[in-house]
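Scroll down for the structure; my scribbles are underneath it.
A short reminder: the numbers here are calculations on the coordinates, not readings from a lab. Just so it is clear, the model here is predicted, and its values are computed rather than measured. Ideal geometry is used to build each Cβ from the backbone, glycine not excepted, and the neighbour counts take in all protein chains shown.
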Amino acid sequence: MDNPKTVKILKFHEDKCKGCLECEKACSKVHFKTDEGGDKSAIKIIRTDKKYEMNACNQCGLCIDLCPVGALTRRKNGVVWLDKETCIGCQSCVGFCPRNVMMKSEARIEPFKCISCGACVRVCPTGALELVEVNIEDVKEVVYYKQGVE
């Protein structure tokens with residue numbers, strides 16, 4: 001079995017974001033074949049006071065061991081992947097995710113998440129999103145630290 005050392009994750013440049021939500025629409029095309037965005041998007045652009053923030057999976061993998069049926073695995077490119085054929089729709093990963101990036105939609109029983117496909121990056125008219133390669137261990141450390149684990 002491959003043991004990847006790096007993974008591509010989304011990087012957000014808040015100073016460039018204009019809140020057009022084209023990224024959310026592109027994401028919903030990948031996951032649901034529609035450009036609705038919203039609850040069918042694995043990327044969320046959130047408006048706060050005078051700026052925008054982005055919330056999407058950082059591929060930390062904390063959810064992998066939680067899945068009772070093994071539907072979550074890390075692919076050889078480092079991305080955490082949910083196998084819809086194996087998933088039983090228990091939603092444990094949705095409730096467990098410390099960053100609230102495992103998504104659910106009324107459109108189907110299985111949850112979904114960012115798969116670092118880059119569709120959002122390609123449609124962003126201002127360049128507010130990019131895929132960057134990071135060490136998986138660095139992502140894990142950040143998440144573990146936020147959870148209070150040493």
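Show that you can apply the helix-only estimate: for the chain, add -39,500 (n - 2.57) for every DSSP H stretch of four or more residues, divide by all residues, and state [θ] at 222 nm to the nearest 500. Write down the numbers at each step before the final one.
Working: 4 runs with 32 residues, N = 150.
About -5500 deg cm²/dmol.
Based on other C-beta atoms within 10 Å, arrange K5, K16 from fewest to most. Before the final figure, lay out each step's value.
Details: K5 10, K16 14.
Final ranking by Cβ density, sparse to dense: K5, K16.
So which trypsin sites (Lys or Arg not before Pro) in the stretch 88-138 are both in a DSSP loop and have at most 16 other Cβ atoms within 10 Å of their Cβ?
Details: sites: R99, K104, R108, K113, R122; in loops: R99, K113.
Answer in residue order: R99.
Just to verify a number: FRET efficiency for V132 and D83, C-beta to C-beta distance, R0 = 25 Å, to 0.05?
On the way: r = 26 Å, r/R0 = 1.03.
The calculated FRET efficiency here is 0.45.
Can you compute the charge dipole magnitude of the chain about its Cα centre, using +1 on each Lys and Arg Cβ and -1 on each Asp and Glu Cβ, nothing else charged? Give it in debye, rounded to the nearest 20.
Working: 24 positive and 21 negative charges, 66 e Å.
Around 320 debye, computed over the chain.
Within the chain, which cysteines find no other Cys whose Cβ is under 4.7 angstrom from their own? C17, C20, C27, C60, C67, C87, C90, C97, C117, C124, each lacking another Cys Cβ under 4.7 Å.
Could you compute the net charge surrounding A56? Neighbours are other residues with a C-beta less than 11 Å from the C-beta of A56; K and R count +1, D and E count -1. Provide the component values of the computation, followed by the final result.
Working: positive: K11, K44, R99, K113; negative: E24, E53.
Here the count lands on +2.
Going from the residue with the fewest nearby Cβ atoms within 10 Å to the one with the most, D49, D39 rank D49, D39. Electrostatic bookkeeping for G70 treats Lys and Arg as +1 and Asp and Glu as -1; over the other residues with beta carbon under 15 Å from its beta carbon, the sum is -1. Local charge for T126 was computed over the other residues whose Cβ lies under 12 Å away, with Lys and Arg +1 and Asp and Glu -1, and equals -2. By other beta-carbon atoms within 10 Å, ranking C93, C23 with the fewest at the front produces C93, C23.
For a 20 Å ceiling on Cα separation, which of these pairs sit above it: K40/K84; K76/K104; K16/K50; K5/K140; K29/K113; K8/K113?
Details: K40/K84 16 Å; K76/K104 25 Å; K16/K50 13 Å; K5/K140 11 Å; K29/K113 13 Å; K8/K113 14 Å.
Pairs exceeding 20 Å: K76/K104.
A dipole drawn for the chain from +1 and -1 charges on Cβ atoms has a positive end, and of V80, V123, C90 the residue lying farthest that way is V123.
The reciprocal of the average 1/r between distinct C-alpha atoms defines the Kirkwood hydrodynamic radius, which for the stretch 6-146 equals 15.4 Å.
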